[in-house]
Structures are given as structure tokens and as C-alpha cells.
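Quick notes on the structure that follows.
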Amino acid sequence: MQSRTPRVPHQPALHCADIDARLTAELASVVAGARRRALRDGDRQIDTAHLLHSVIESDPEVRAAFDGGPPQVARVLGYLVQRSIGYGLRWQGAVEDSGTVPVVRDSAGVAGWSPAAVTAMEGALERAAARGDQRARGLDLLAVLASDAECRAVEVLRQAGVDAELLAGRLFEESRQA
């Protein structure tokens, strides 16, 4: 069976150290929390739902970005907790690939990360660079997660009643105005 994503042979693989070095201390903490959550949940890789869970829990700016305020944030966290106690069992053992990954890097990709999670982190770093920052923040990650309609994080957001497309659009617009 052929992969639906083209292979580019000389594309350098992004490594965990490359990602970690370009994050704020707060976002590095988010990644560490996502790693712990993935381990605890029995998942082989950090996926976008792990990242979403960790960034919402740890970043007050991210929580404030939700139009529905604390009740909406509580619903999202509720779905994420359900995921860790059984809701996400159908995801265990499966690699998250939302289809937005433009390139298959190498056979291993970034060890311990789903392709969609790597794409989200790369997107967060690109958002930071576009505004002249060398390090990505939690809002950068939330904007990119919410913009990938096929990732697990957006599935959770939808289940909690969040219009992910509207959220992503608003966050991208706010970053252009800043």
C-alpha cells in the first residue's frame, strides 16, 4: 500500500532537541507534560490531544483564548480527561496522521511524536518566527492545533462544542494585528 504523502529524500528530520531548543520555558513545560501524559496513557507517541491537554492546563493565555470562557475550557478538559481514562482507547497503538503532514521525513520521523504533533510544533515555531520571535508560545501552539481539522486535538475541541476553525481564525488574525 502506497503512502498518500510524497517522500522527499533529502529533507532533514526535525529532532526533539531541535523542537525543545526553540520553545519558551512555559511551552517546554507543556511538551514535558504531554510526554508524561502519553506515557501514563500507554501511548507510544505524543499526539495533538496530549499537547492540547497540557497547553490548556498550564497556560492562562491559552485558557483565556476560548470564547466560551471557563465553562468551555472545563468541557474541553473534561473530554481530555475522559480520553485518558478510556475515551481515547481507540487511539492507542495508532499513529496520529491527520493528512496535513506534507512530507514523510524518514522512516522514524521524530521519535516519540505523531506526525501531526510534529507538524503542530513546526507550525507554532513558524508562527513565532513570523512575528519576529525565536521561541514559540502556548497561543502559537493552540492556533496551529485548532487549524488542523483532522487532528485529534480538533476532534476533542469539536466534542466539547468549540468551533475550532473560528478559534484558529481569530488567533491568526490577532497575531497579524500584534
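The values are calculated or read from the model by the stated rules, or taken from the named source; none is laboratory data. In this text the structure is predicted, and so the values were computed from the model without any measurement. Here the Cβ positions follow ideal geometry from the backbone for every residue, glycine too, while neighbour counts run over all protein chains shown.
Residue pairs whose Cβ atoms lie under 6 Å apart, separated by 6 or more positions or on different chains, with the first residue in the range 38-62 and in contact (Cβ under 8 Å) with a residue 60 or more places away in the chain and the second outside any helix (DSSP H, G or I) and crowded, with 21+ Cβ neighbours inside 10 Å, are Ala38/Ile46; Gln45/Trp113; Gln45/Ser114; Ile46/Trp113; Asp47/Glu96; Asp47/Ser114; Thr48/Cys151. The set of residues in the range 63-80 that are farther than 27 Å from Ala111 by Cβ and either among the β-branched types (Val, Ile, Thr) or touching a residue at least 24 places away in the same chain (Cβ under 8 Å) (or both) comprises Ala65, Phe66, Asp67, Gly68, Gln72, Val73, Arg75, Val76, Leu77, Gly78, Tyr79.
Restricting to the range 129-178, and then to whatever is among the charged types (D, E, K, R) and under 19 Å from Val118 (Cβ atoms), can you tell me which residue is surrounded by the fewest Cβ atoms within 10 Å (Cβ to Cβ)? Show your work before the answer.
At the first step, the residues of the range 129-178 found to be among the charged types (D, E, K, R) are 131, 133, 135, 137, 140, 148, 150, 152, 155, 158, 163, 165, 170, 173-174, 176.
Those left that are additionally under 19 Å from Val118 (Cβ atoms): 135, 137, 140, 148, 150, 152, 155.
Working: Arg135: 17, Arg137: 22, Asp140: 29, Asp148: 21, Glu150: 13, Arg152: 24, Glu155: 21.
Among those residues, the one meeting the criterion is Glu150.
Which count do you get for residues in the range 65-76 that are under 22 Å from Thr119 (Cβ atoms) and assigned to a helix (DSSP H, G or I)? So the answer is 1.
For Ala136, are the conditions met, namely being in contact with a strand residue (DSSP E or B) (Cβ under 7 Å, 6 or more places away or on another chain), touching a residue at least 60 places away in the same chain (Cβ under 8 Å) and within 17 Å of Arg83 (Cβ to Cβ)? For Ala136, the condition - in contact with a strand residue (DSSP E or B) (Cβ under 7 Å, 6 or more places away or on another chain), touching a residue at least 60 places away in the same chain (Cβ under 8 Å) and within 17 Å of Arg83 (Cβ to Cβ) - is not met. Within the range 46-58, none of the residues are modelled with pLDDT under 60 and of a type in the set (D, E, K, R). Looking across the range 37-64 at every residue that is of a type in the set (Gly, Ala, Ser) and either assigned to a loop (DSSP other than H, G, I, E, B) or within 10 Å of the chain's Cα centre (by Cα) (or both), the one that is surrounded by the fewest Cβ atoms within 10 Å (Cβ to Cβ) is identified as Gly42. Every condition in (1) at pLDDT 90 or above; (2) under 26 Å from Asp41 (Cα atoms) is met by Ala129 except one, and the failing one is (2). Checking every residue in the range 144-152 against the condition of being among the charged types (D, E, K, R), part of a loop (DSSP other than H, G, I, E, B) and without any contact (Cβ under 8 Å) to a residue 60 or more places away in the chain gives at least one match.
Residue by residue, here is whether (1) touching a Ser or Thr at 6+ places or on another chain (Cβ under 9 Å); (2) at pLDDT below 95 holds:
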residue: Gly112; (1), (2): no, yes
residue: Val118; (1), (2): no, yes
residue: Met121; (1), (2): no, yes
residue: Leu145; (1), (2): yes, no
residue: Arg152; (1), (2): yes, yes
